[in-house]
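Chemist: Okay, handing you the structure first.
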Amino acid sequence: MTARKGPTSSLSMCHLVVIQHGLWGHPDNTKYLANLLEEQLGEGFVFLNCAENIGNLTYDGIDVCGDRLHEAIKAKMAELAMDGEPHEWGRWK
């Protein structure tokens, strides 16, 4: 899992941007997109360029791949909570 944080000092709100490649993909396929979004959005955004479903793991099915992605998101949210980043659990807009 590759995660990067935009430049920030103190955040009033933190947005997690999750990027998932397609079939037979790899995070390198979406690296340009992740870098561009980080450059454009910057402060207040955390980027997660997922690597849980690389290569032939995409053939495990949407339910298994979705579960892996969900676990990666939960792990990142827990990591952000430990780093003191503000978040609102279970609040989706």
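Chemist: Under 5 Å between amide hydrogens, which residues at least 5 positions from Leu16 or on another chain qualify, with H placed 1.01 Å from N in the peptide plane?
Modeler: Hits under the 5 Å cutoff: Val46.
Chemist: Let me ask another. Quick one: length gained pulling Tyr59 to Met82 fully straight, 0.36 nm per residue minus the C-alpha distance?
Modeler: 4.9 nm
Chemist: Sorting check: for 60-66, 16-22, 31-37, which peptide has the highest mean count of neighbouring beta carbons within 10 Å, and how do the rest follow?
Modeler: 16-22, 31-37, 60-66
No value in this document is a laboratory result; all are computed from the given coordinates. These numbers were taken from a predicted model, which means no experiment stands behind them. Don't worry about glycine lacking a Cβ; one is built from the backbone with ideal geometry, like all the others, and counts go over all protein chains shown.
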